[in-house]
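> For reference, the structure I am asking about is given below.
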Amino acid sequence: MIVQGLAFYLFAFVAVASAVMVISARNPVHSVLFLILSFFNAAGLFVLMGAEFLAMILVVVYVGAVAVLFLFVVMMLDINFSELREGFLQYLPIGALIGIILLAELILVLGSWIAVPETSAVAAAPIPPPEKVSNTLALGQLIYTQYIYFFQAAGLILLVAMVGAIVLTLRQRPGVRKQKIADQLARRREDAVEVVKVEPGSGI
């Protein structure tokens, strides 16, 4: 128990410290590296909780794909971060309103658990013993049966976030020829191919 407690405090401290460095670091590359460190420590906390499937998903998906993709985008694209920060004050009221709404929701959820302790017994699903089903099987049965609509809603939110990230990073550059799919599909053979009859020995 002492070793588990020390591991918990170590993982928690490093995770919180790296999360603070993500938003406080001036270099965006350093922010992504601190984000990867935070993910690894969160995976260690999941292992201590007995949720090894979530720990592996966090490492494989978020560290192996999302965070590395962030790192590639930051390092390879010539993004003008000073230009992106110019509209920060413009969207600050909307962001503050959304943050207040999320904070109120968290307070309501925690307040309901404190005011009515019986809600925790109703909301929590029974955990099967380890000898019957594995952690992965129990999680799959719970997600795809009881929380299937929430799971689909989370997928839609991630899709919208991905499209929004693409739109925000899309820049218009003058002099760049773009592909027009409609014009390519509407093109006829007569417009693209010219048949020239050449007499023998006359050349083109």
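None of the figures in this text is laboratory data; all of them are computed from the coordinates on show. If you're wondering where the values come from, they're calculated on a predicted model, not measured in any experiment. Glycine also receives a Cβ, built like all others from the backbone with ideal geometry; neighbour counts cover every protein chain displayed.
> Need the full-extension length gain, Leu137 to Val160, defined as separation in residues times 0.36 nm minus the C-alpha distance. One decimal, nm.
Full-extension gain reported as 5.4 nm.
> Taking 22 Å as R0, compute the FRET efficiency from the Cβ-Cβ separation of Met75 and Arg177 and round it to 0.05.
On the way: r = 27 Å, r/R0 = 1.21.
Using R0 = 22 Å, I get an efficiency of 0.25.
> Another question, then. Students often check this: by mean Cβ neighbours within 10 Å, which of 20-30, 173-183 ranks highest, and how do the rest follow?
20-30, 173-183
> I need the chymotrypsin sites (Phe, Trp or Tyr not before Pro) found in segment 140-204, filtered to DSSP loop residues with at most 13 other beta carbons within 10 Å of theirs. Walk me through the numbers before you get to the answer.
Values: sites: Tyr144, Tyr147, Tyr149, Phe150, Phe151; in loops: Tyr144, Tyr147.
Of the chymotrypsin sites (Phe, Trp or Tyr not before Pro), the ones in loops of segment 140-204 whose Cβ has at most 13 other Cβ atoms within 10 Å are Tyr144, Tyr147.
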